[in-house]
Each structure stands twice: as structure tokens, then as C-alpha cells.
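In what follows, a structure is listed as C-alpha cells, so that the remarks can point back to it.
Since every read-out is calculated from the coordinates, none of them should be taken as a lab result. Please read all numbers here as calculations on a predicted model, not as lab measurements. Using ideal geometry, Cβ is built from the backbone for each residue, glycine included, and neighbour counts are taken over all protein chains shown.
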Amino acid sequence: MELDDPIYIALYKYTKAVSAALGYRDLVTRLHSERVQALAEAIGMGCGLSNKELNILKIAASFHDIGKIGTPDRILLKPSPLDEAEREIMKQHSEIGERIIAATEIEGSRQASLVIRHHHEYYNGTGYPDRLSGEEISICSRIIAIADSYDAMAVTRSYRHARTHLEIMGILHKETGEKHDPELMRVFCQVIESRKFEAGKI
């Protein structure tokens, strides 16, 4: 990942050790974060984000799941689907991630931490943790939500097989307007149909 601002380079280096720690605990999550960062960056460039916005996006995408370092192993590494109570605990990872990045107190950390906090907000206001909707959700969080959803479905987990590209796109289109921003989905479709990031290719 290339950053072009000393502020964000410092923030990335400061938090990289935490990411490495998460990788030793759960390599699947770390690799997922790397793929989400690459896809999110491509979407952000397609949207014409400013350099500052792209730097925030790249940092937040890289560490969007860092809060899972605070999720109990019995939930994080469970080889079967989570029950309702376990899902509620898992949902806390976005707030934990916010606190981890904000705690660095490095310039730029506050913006990146808020993007992490809100990457599970839904466009229609039914997401978490703050039930934001539409443009109340930062564009970086909305972009990560799409990239996160795509990659999560494209990879085999212990409790389910990876979905095909066509299956994933069908689900994402159904979720557009509810979970995902329609305008950003249009950009995403252009990016993903380039096939560089198609399921199984990243």
C-alpha cells in the first residue's frame, strides 16, 4: 500500500504492528483486510476521491477489522455460523477498532477511526453501531462496506463455501439501496467487471 502524505505514513507505520498481531491470531482476517484495502482503493479512485480522502480510505480499509483482536476466540475462530448472542458480540469489533486507531492520537487517526466505526452502517439506516443512513455515513465507510461484502462472500470459510462472482453480484444488487449506496455500486461494478478483483483473482 502506497501513501503519499507523511501524516498517514506515520499512522500506518504506528498501527502496522497491531495488524501483524491480529494476523498471528487470525490470518484469515488479516488477508481479508489486505484484499479489501486493494478493492476499496480502486473504488475510491473511480469515485475521484481527493488524495486526503484516498489516504484515509486506505488506512481505514487496511484496519477496518482490527477490532476483532478484542473478539473472544470462541467467536472469532468458531467453525460454524454464529448465533444471535455471538453476532452481537462480533458487532462490537467496529467500535473496538475505532478506539484502537483513535488511541494512537496521531494526526489523521480520528478521521480514520470514524470510518472504521461506521463500515457496517447501512445506506437505509439499519446498520450498526449508530444507525446512520445515506450521506450521514462517510463515503469512505460506504466504499469499505461494498468491498468488505464482496470479499467476505468470495472466500471459503470453515462453515460455508465461497460464492461465485455472479452469485455475489446478484446479492449485492439486491442489497443496493438498502445496505449499499446505489451511486457507489455503479462505480464498484465498473471496477469489478475489469476482472482484476473478480472472486478468486485477488
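Top mean-square fluctuation among H120, H64, H165, Gaussian network model of the chain, C-alpha springs under 10 Å?
With Cα springs under 10 Å in the chain, the top fluctuation among H120, H64, H165 is at H165.
In debye to the nearest 20, how big a dipole does region 6-192 give about its Cα centre with +1 on each Lys and Arg Cβ and -1 on each Asp and Glu Cβ?
I would put it at about 500 debye.
How much length, in nm to one decimal, is gained on full extension between Y128 and K91, taken as 0.36 nm per residue of separation minus their Cα-Cα distance?
Going from the current span to full extension adds 12.6 nm.
Any idea which of H161, S133, L57 is furthest toward the positive side of the dipole for the chain, if Lys and Arg beta-carbons carry +1 and Asp and Glu beta-carbons -1?
Checking the options against the dipole of the chain, the answer is H161.
In deg cm²/dmol, rounded to 500, what helix-only [θ] at 222 nm does the chain give when every DSSP H run of at least 4 residues adds -39500 (n - 2.57) and the total is split over its residues? Don't skip to the end; give the middle numbers.
Values: 10 runs with 120 residues, N = 202.
Mean residue ellipticity, 222 nm, calculated: -18500 deg cm²/dmol.
Would you kindly state how much longer the chain becomes between I171 and V28 on full extension, computed as 0.36 nm times their sequence separation minus their alpha carbon distance, in nm to one decimal?
On the way: separation 143, 0.36 × 143 = 51.48 nm, distance 2.24 nm.
Length gained, I171 through V28: 49.2 nm.
How far apart, in nanometres, would the label points at S194 and E84 be if each is projected 7 angstrom from Cα along the Cα-to-Cβ direction?
Reported label-point gap for S194 and E84 is 4.3 nm.
Counting pairs of alpha carbon atoms under 8 Å apart in space and at least six apart in sequence, what relative contact order in percent does region 6-192 give? Before the final figure, lay out the partial values.
Details: 256 pairs, mean separation 40.6, N = 187.
Relative contact order here is 22 percent.
Just to confirm a number: summing +1 for Lys and Arg and -1 for Asp and Glu over residues other than Y14 whose beta-carbon lies under 13 angstrom from that of Y14, what do you get?
Taking every Cβ under 13 Å from that of Y14, the sum is 0.
Using the structure shown, list the pairs from K16/K58; K91/K179; K78/K179; K13/K91; K58/K78; K16/K68 with a Cα-Cα distance above 23 Å, or answer none.
Values: K16/K58 13 Å; K91/K179 16 Å; K78/K179 26 Å; K13/K91 26 Å; K58/K78 29 Å; K16/K68 15 Å.
Check vs 23 Å cut-off fails for K78/K179; K13/K91; K58/K78.
Starting from the Cα of A152, step 7 Å toward the Cβ, then list every residue of region 85-105 with an amide N under 14 Å from that point.
It comes to 87-95, nothing else.
Pick from L82, L11, L54: which is most flexible by mean-square fluctuation in a GNM of the chain where alpha carbon atoms under 10 Å apart are linked?
For the chain, modelled as a Gaussian network with Cα springs under 10 Å, the answer is L82.
Count charges around D151 for me, please; just the other residues with Cβ under 10 Å from its Cβ, Lys/Arg as +1, Asp/Glu as -1.
-1
Read through the labelled values (1) 14; (2) 26; (3) 23 and report the label of the one computed as percent of Cα pairs over 30 Å apart from the structure.
(1)
Running a GNM on the chain with Cα contacts under 10 Å, which residue among I43, I116, I106 ends up with the highest mean-square fluctuation?
Largest GNM mean-square fluctuation: I106.
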